[in-house]
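Engineer: Sharing a structure here in structure tokens format.
The values are calculated or read from the model by the stated rules, or taken from the named source; none is laboratory data. Please read all numbers here as calculations on a predicted model, not as lab measurements. Don't worry about glycine lacking a Cβ; one is built from the backbone with ideal geometry, like all the others, and counts go over all protein chains shown. Calculation scope for accessible area: heavy atoms of the full protein, side chains included, ligands and nucleic acids excluded. Shrake-Rupley method; radii C 1.70, N 1.55, O 1.52, S 1.80 Å.
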Amino acid sequence: MYALVPDDPVFFAKFQSLEEPLLRHLYRLHSAGLESDDERIVSDAYDSWVQVLLKLPLWSRWHSEEASADPAPAERYTMHSVRGDQLTSLYPIELTAVDLGHLAACLDLFVEADKVWRPVPEQACAEPPDREESLTDVFRRVMEVLLLPPPPGLLGALRPVVPQGSVVSVTLPAEQETEYRRFCEEIVTILSSGDTFAYRSHRAMYL
């Protein structure tokens with residue numbers, strides 16, 4: 001399946017922040033000295049996390065800039081509204097059902113762990129050792145963005161553009177711009193809802 005991933009430092013930071021907790025969980029499970037289903041789930045999820053990371057626009061750009069003197073990687077393009085305003089670009093990336101399944105299984109594992117550790121009222125101060133604050137919430141938000149169905153017209157317009165070997169400019173017609181704004185509003189809501197300041201700042205990147 002294809003996802004439309006934003007050229008967005010908020011999404012990239014949330015996705016990248018999953019690496020250290022995944023590795024820490026894997027280390028703990030491995031250190032127990034017994035192979036388990038949980039260790040396999042986290043290991044598979046980390047491998048799939050890497051596969052998705054390699055496809056993200058910000059990672060691809062930074063990697064290309066480090067490896068080449070060319071400041072404009074081939075996969076970059078600019079997107080504009082009908083009025084000529086530059087928009088935050090969206091990049092179509094192909095995700096496999098296997099990778100998404102591994103990540104979803106790991107998220108389910110963390111959700112179940114949260115239920116186990118959730119304190120009862122008289123034990124409100126109880127916390128498991130080294131528990132990652134909001135890990136499950138960040139993981140859930142990232143997965144919701146990856147699984148957000150892209151508007152077919154917008155996806156169809158962008159898929160032929162991104163693989164081209166030169167930097168191009170795309171101007172969205174009115175109908176696709178409306179799709180773009182609705183889709184991006186959903187992304188911002190998924191990633192930044194619950195914090196008014198963060199939501200407003202994030203929304204300003206798109207709208």
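Engineer: With labels modelled as points extended 7 Å from the Cα through the Cβ direction, what inter-label distance (nm, one decimal) is found for residue 96 paired with residue 83?
Structural biologist: Between residue 96 and residue 83, the label points sit 4.4 nm apart.
Engineer: What do you reckon, how do 59, 49 stack up by accessible area (1.4 Å probe), largest on top?
Structural biologist: 59, 49
Engineer: Under a 1.4 Å probe, what is the accessible area of the range 3-60 per residue, stated in Å²?
Structural biologist: For the range 3-60, the per-residue accessible area is 48 Å².
Engineer: How do 187, 41 stack up against each other in accessible area, from largest to smallest, with a 1.4 angstrom probe?
Structural biologist: Ranked list, largest accessible area first: 41, 187.
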